[in-house]
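Some notes on the structure that comes next.
The values are calculated or read from the model by the stated rules, or taken from the named source; none is laboratory data. Small disclaimer: the values here were computed from a predicted structure and weren't measured. Glycine gets a Cβ as well: all are built from the backbone with ideal geometry, and neighbour counts include every protein chain shown. Ligands, DNA and RNA are stripped out before the accessible areas are found, and what is left, the full protein with its side chains, is counted by its heavy atoms. Shrake-Rupley method; radii C 1.70, N 1.55, O 1.52, S 1.80 Å.
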Amino acid sequence: METFELLLHGFSVALQPTNLMWALVGSVLGTAIGILPGIGPALTIALLLPVTTALAPTSAFIMFAGILYGAMYGGSTTSILLNTPGEAGSMMTALEGNKMARAGRGAAALATAAIGSFVAGTIATLALTFAAPAVAELAFYFKPTDYFAITALAFCSVAVVMGTSRTRGFVSLFLGIAIGVIGIDSMTGQPRLTFGNMQLLRGIALTVVLVSLFAVGEILYVASRYRTTPGVMAPIKGQLWMTKQDFARSWKPWLRGTAIGFPMGALPGSGSEIPTMLSYTLERKLTKHPEEFGKGAIEGVAGPEAANNAAAAGILVPLLTLGLPTSATAAVLLAAFQNYGLQPGPFLFTSNPALIWGLIASLYVGNVMLLVLNLPLVGIWVQLLRIPRPQLYAGILVFAMIGVWGLAGSWMDLTIMLVVGLAGYVMRVYDFPIAPVLIGLILGPMAETQLRTALAAGQGNPMVLVSTPLSAVLITLAVLLLALPILLKRLRANA
Amino acid sequence: MSTDERNTTEGGSPAAAPASPKPYWIGIGLMVMGAVWLYAGFGLPQGARYAAVGPGLFVTVAGAGLLVLGAILVLQISRGETFEAQDAEDADGSTKMDKRAFLTALVAVALPIGTMGPLGMPFTATLSFVLVANAFGSRRWWLDLVYGLILACAAWFLFKQLGLQLGRFFPPLGV
């Protein structure tokens, strides 16, 4: 019952005209960047972080949530019409969706994606509404030991799951951790790895690293391997939206996709790629029309699109209740909280309920906005793709530069932008995953604080790290995650 | 239910991969970075007075991790680990690198380090805009100059309004 009251209060915050406007701004921006290549939700929010100085936290987070959800809606449009999945999460949508579009059923594919996103987004937000307070309640009892175990498990799963090999996943993660220790040690005030440089004392900001990796790295990479032949856009003019049969074939995949996406999104490392892949595989197994798969089956669009959006809501559960980011976008959102001097976690639910519940309520509002923005207006959105690529990428660099320079007006940040941007280029050429760097960068210092607090409380005995049941289980899981694939390989080789 | 069909529909890269690169330098670079962090970590107190762990431990762990991972990477490369460039929305991982375009874009990224302070953000952004557009094959630089200038000025005023410290508009003239 209490949750309902809080949610109602949240709606009274989210439905204030200014907050409605910020939700709309976020939704429009999110849809736009979901459609545009070269720029995703994480990068957009990072570039908008400086506005946190001028905006109330509730308004800012309502806008950011609109961007997060909107990008999921917008991403499907390019996958379906152009066969160019913007993010990993829309890869599966492109498989069947583009086939449908080429067969003259693009409008139906877009409709099942948008309505599926709405259904999944709303159900997942509902799940978030009830799961988040419950998890936060539990998290009240967590000790530093437990928090350290959670971050350790998050590190392992991020490194193992993301990327082509475990070595490369861990390389990315450790690069992030290594960058994270630069600057003044928060517990003793000792400068670390600053090489006597005053500007490095405050550490390297997540924004700088994120903008460099995602924007600069991408610009350098695409410039070096630019595909000049543009995709052919499938026409949708004058086509029918969904037929009765389309609905009948879509609603179950929507629900199944939601059921897969939401919990998977809450787990570290799975991002939106794995739930969409799982949903696609499942729909392919369950379909009554197996002959259509690979040729444009509507289930193959409905399921993954729902999973995609549900996962976006899922990442908010660990972020809001534990302060644990599970994806690049979540890492930036955490940085935004830190900009305001807020630490997401159980205490935020009690100390700042207007923010938390306003944000959750705005997700419901945002979903309705996005459905209205996307379904009838898709024809306008695709016009964005007419922006010529040279000027688009040039513009992205301009905004990246502003984002980095605007932080502190420091040439050191610009130098870091060049170096990390080059690293981002190399990571793309040699296929290293990028998100673990950001997770390591933002979670590393948190893990360190928890570890040192836990050890200090345990008077230096390392056994304190597994002294609570939860921490023991989580650390065991982390070790298993590392060791199991190796063991299985050995066993198979021996058999 | 076989997965091979999925592989063929995914992306458009041809199956015949070019000779796999042997990027030993990445592994060695990681080891060097690890050594630097390790050295710095040992120079810091590992244990503080009351806490068991001091500011040095995590630095040491990060350094040791990078050192070991670099070594593993070198070993994997020598055993023939393959590295395929990622596909992006507008990039084809299997094509050859366009060195001129890459270097032009790189200059655009490096330029702000020298010009952002003395010449201001709008000027720098305009120049970088023209360079990146050129790297992506735009040949009408005077038009890009106009586009870039409009975008840079608009962004400067907008973000200034939002409270960002972007410095003066054009410092040489003192405005």
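Structure notes:
- Residue in segment A:396-410 that is part of a helix (DSSP H, G or I), surrounded by fewer than 17 Cβ atoms within 10 Å (Cβ to Cβ), among the β-branched types (V, I, T) and over 23 Å from the mean Cα position of the chain (by Cα) present: no
- If you check A:A234, A:A215 for being among the small types (G, A, S), in contact with a helix residue (DSSP H, G or I) (Cβ under 6 Å, 6 or more places away or on another chain) and closer than 17 Å to A:T84 by Cβ, only one passes: A:A234.
- On the stretch given as segment A:196-252, residues that are β-branched (V, I, T) and farther than 19 Å from A:G176 by Cβ total 7.
- Which numbered condition A:V119 fails, given (1) open to solvent by less than 10 Å² (accessible area, probe 1.4 Å); (2) within 22 Å of A:L7 (Cβ to Cβ); (3) β-branched (V, I, T): (1)
- Filter pass, A:P390 being in contact with a helix residue (DSSP H, G or I) (Cβ under 6 Å, 6 or more places away or on another chain), buried (at least 18 other Cβ atoms within 10 Å of the Cβ) and farther than 28 Å from B:F159 by Cβ: no
- Residue match in segment A:193-204 (condition: within 10 Å of chain B (Cβ to nearest Cβ), under 25 Å from A:L48 (Cβ atoms) and under 26 Å from the mean Cα position of the chain (by Cα)): no
- Test set (1) within 10 Å of chain B (Cβ to nearest Cβ); (2) in contact with a Gly (Cβ under 6 Å, 6 or more places away or on another chain) - A:G458 fails condition number: (2)
- Tabulated pairs, segment A:161-174, first at the interface with chain B (Cβ under 9 Å from one of its Cβ atoms), second outside any helix (DSSP H, G or I), C-beta under 6 angstrom, 6+ apart or interchain: A:T164/A:D431; A:R168/A:F432
- Lone qualifier among B:L67, B:L57, B:L106 - being under 19 Å from B:N134 (Cα atoms), among the hydrophobic types (A, V, I, L, M, F, W, C) and open to solvent by 20 Å² or more (accessible area, probe 1.4 Å): B:L106
- When residues in segment B:75-85 are screened for being more than 7 Å from chain A (Cβ to nearest Cβ) and in a loop (DSSP other than H, G, I, E, B), 4 of them pass.
- Sub-6 Å Cβ pairs linking a first residue in segment B:76-87 that is of a type in the set (D, E) to a second residue that is part of a loop (DSSP other than H, G, I, E, B) and open to solvent by 50 Å² or more (accessible area, probe 1.4 Å), at least 6 apart or interchain, are B:D87/B:G11, ordered by first then second residue.
- Positions within segment B:149-165 being facing chain A (nearest Cβ under 7 Å), free of Cβ contacts under 8 Å to residues at least 24 places away in the same chain and either surrounded by 22 or more Cβ atoms within 10 Å (Cβ to Cβ) or assigned to a helix (DSSP H, G or I) (or both), in sequence order: B:F159, B:L164
- Close Cβ contacts (under 9 Å, 6 or more residues apart or on different chains) running from residues in segment A:84-111 that are open to solvent by less than 10 Å² (accessible area, probe 1.4 Å) to residues that are of a type in the set (K, R) comprise A:E96/A:K295; A:M100/A:K295; A:A107/A:K237; A:A109/A:K99.
- None of B:T95, B:T126 is of a type in the set (V, I, T) and either under 17 Å from A:F399 (Cα atoms) or part of a helix (DSSP H, G or I) (or both) except B:T126.
- A:T415, sole failed condition from (1) in contact with a Gly (Cβ under 9 Å, 6 or more places away or on another chain); (2) at the interface with chain B (Cβ under 9 Å from one of its Cβ atoms); (3) open to solvent by 10 Å² or more (accessible area, probe 1.4 Å): (1)
- Of the residues making up segment B:1-8, not a single one is part of a loop (DSSP other than H, G, I, E, B) and at pLDDT 85 or above.
- None of B:A88, B:A71 is small (G, A, S), facing chain A (nearest Cβ under 7 Å) and out of contact with any strand residue (DSSP E or B) (no Cβ under 6 Å at 6 or more places or on another chain) except B:A88.
- Single residue of A:L371, A:L319, A:L385, A:L342 found to be modelled with pLDDT of 90 or more and open to solvent by less than 30 Å² (accessible area, probe 1.4 Å): A:L319
- Answer residue from segment B:166-175, given it is more than 8 Å from chain A (Cβ to nearest Cβ) and touching a Phe, Trp or Tyr at 6+ places or on another chain (Cβ under 8 Å) and is farthest from B:F102 (Cα to Cα) among those: B:V175
- Failed criterion for A:S467 (all others in (1) open to solvent by less than 30 Å² (accessible area, probe 1.4 Å); (2) hydroxyl-bearing (S, T, Y); (3) more than 10 Å from chain B (Cβ to nearest Cβ) hold): (1)
- Every pair of residues 6+ apart whose Cβ atoms lie under 7 Å, when the first sits in segment A:431-459 and is more than 18 Å from B:V61 (Cβ to Cβ) while the second is among the acidic types (D, E) and at pLDDT below 90: A:D431/B:E84
- Scanning segment A:52-74 for residues that are at pLDDT below 85 and either crowded, with 24+ Cβ neighbours inside 10 Å or small (G, A, S) (or both) turns up just one, A:A54.
- Residue match in segment A:347-355 (condition: more than 18 Å from A:A120 (Cβ to Cβ), in contact with a helix residue (DSSP H, G or I) (Cβ under 8 Å, 6 or more places away or on another chain) and crowded, with 24+ Cβ neighbours inside 10 Å): yes
- Of all residues in segment B:109-137, those that are within 16 Å of A:T228 (Cα to Cα) and either buried (at least 23 other Cβ atoms within 10 Å of the Cβ) or within 7 Å of another protein chain (Cβ to nearest Cβ) (or both) total 5.
- Evaluation of A:P230 against the conditions (1) modelled with pLDDT of 90 or more; (2) assigned to a loop (DSSP other than H, G, I, E, B); (3) not charged (D, E, K, R) shows that the sole unmet condition is (1).
- Test: A:S79 is more than 17 Å from A:W254 (Cα to Cα), crowded, with 24+ Cβ neighbours inside 10 Å and of a type in the set (S, T, Y): yes
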